[in-house]
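Working notes for the structure below.
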Amino acid sequence: MRALKWTLIIAGSLILIIAGYFTYTFVNFANNISQDDGENSKFPIDITKPKDPELIPPKWEGKQRVNILLLGGDSRGLKKNETPRSDSVMVASIDPITKKANLFSILRDTYVKIPGYGEDRINAAVALGGPNLAMKTVSDFLGIPIQYFVYTDFVGFTALIDAIGGIDFEVEKDMKYQDSADDHVYDIDLKKGMQHLNGKTALQYVRFRHDALSDFTRTERQRNFMQAVAKKLQSTSSIIKLPKILNAIDPYIETNLSVTDMVKLGALGFEAKVDGIVTSQLPPSELLVEKRVNGADMIGTNKEKLQMYVKNLFEGMTAEEALSGKFNSTSPSQSPKATSKATPKPTAKPTATAKPTAKPTAKPTATPSEEPADSPKPTSSAKPTASPSIMPSATPKTSPTTPNGSSNESNASNNKTDNNNSNDSKNNETKPKE
């Protein structure tokens, strides 16, 4: 009995020591990456608390849906005190009640209104006013509150992947690109097939966009890969290595999350159903509108329909249902403006009168048609699917291979008239930095 007693005491002491170590590591990490006052910032971005009250993000109380803006920056080749544009813009959203998560990637050439700066590409917001302005811009664009941001760069991404031991992932095709910047450090050279991607090769995979669909397929790759990362982080091996992981990414992360917020979100993140994450490109291809601004190609959209699409996805609809116009008229998040043109279905049958032969005093409201008049229509001749990344109408006809091995072929170019002047202007456009 005495031996058992001492064994329990030793085991309990070890548990307390390990728990204390984990707690200390987490709190230290949280304090280091949370820089609300703007001091000791690791990046050339403005992370000070906003003076404009409109830029102060809403507080998350823990019971409503939480939305986090994920910003990936490219700090290469910047001058002193120059702020980079965000190379990738994503939104992670989790419902604390249902534990269901959504992951959106916003096309970086989307033309939006940036408060105080007019209209510009959405990835310019962080360069113009830091993450607070980026959160406000994305919030206004999608019609959802953005409570938090997390900012990192190439080095932070590779450090995270290496810290969790890499990712086993299916590379859907050969990927090769020569990048002369930084002495070819960021060249891309991947082979098709299942591979174990470390930090360097994982960065190559999520950055590659030199195919027919360019940024459209790249954002799809990023969403698929981030799902794999989230699944790996929930594994037992990653939980055991948590202190090592946090120490590895500590120097490369900025966020407005407090220690308390991180604890709540950390618990919620481990409970979230990773296999059930709904991912989508924003704007979806069916809602894309071509824009030409100062000789450059931009992406426009119907903001009202886009916001309804996002809300429908939050309600549990598939992408096809969210786009079809079959909006949920009983949803508390439903926009009244979006349903004003359609007559709602009666919620109950008219009550019968006491005498069967008596005529009812009023006729019930007629049932509306399956789709309202303002239902968004796909830009291509094919029916919209639930795929998160569908080629827009402006993309030339091609058949790139998608991560799941299927082939998407665009028919949109068949509907376009021959416009040599437009094509010439597009061909003369300077390619963006990889």
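Bear in mind these aren't lab numbers, they're just calculated from the coordinates by the rules spelled out. No experiment lies behind these values; they were computed from the predicted model shown. Note that we place each Cβ from the backbone using ideal geometry, even for glycine, and neighbour counts take in every protein chain shown.
Figures for the structure shown
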read-out: Translational diffusion of segment 78-189, µm² s⁻¹ [Kirkwood Rh, Cα pairs; Stokes-Einstein; 25 °C; 0.890 mPa s]; value: 147
read-out: Residues Leu268 and Glu315, FRET efficiency given R0 of 25 Å [Cβ-Cβ distance, rounded to 0.05]; value: 0.80
read-out: Which of Ser88, Ser258 has the fewest Cβ neighbours within 10 Å, and the rest in rising order; value: Ser258, Ser88
read-out: Contact order normalised by residue count of segment 22-304, Cα under 8 Å, 6+ apart, percent; value: 24
read-out: FRET E, pair Lys192, Thr260, Förster distance 45 Å, beta-carbon r, rounded to 0.05; value: 0.50
read-out: Sorted peptide list for 247-254, 127-134, criterion being average Cβ within 10 angstrom, highest first; value: 127-134, 247-254
read-out: Compactness of segment 188-325, expressed as Rg and Dmax over alpha-carbon positions, Å; value: 18.5, 53
read-out: Among 278-289, 229-240, the order from most to least packed when residues are scored by Cβ within 10 Å on average; value: 278-289, 229-240
read-out: For Ile114, residues with placed amide H under 5 Å, excluding near neighbours; value: Glu119, Asp120
read-out: Greater than 30 Å apart at Cα, pairs in Lys241/Lys273; Lys264/Lys291; Lys176/Lys231; value: Lys264/Lys291
read-out: Projected label distance in nm at Lys291 and Lys200, using a 7 Å step from Cα toward the beta-carbon; value: 4.0
read-out: DSSP bridge orientation in segment 22-304 - percent antiparallel, rounded to nearest 5; value: 70
read-out: Proportion of all alpha-carbon pairs of segment 22-304 beyond 29 Å (%); value: 32
read-out: Dipole in debye (nearest 20) - segment 22-304, about Cα centre, beta carbon charges: Lys, Arg +1; Asp, Glu -1; value: 480
read-out: Difference of contour (0.36 nm per residue) and Cα-Cα distance, Lys231 to Ile56; value: 59.8 nm
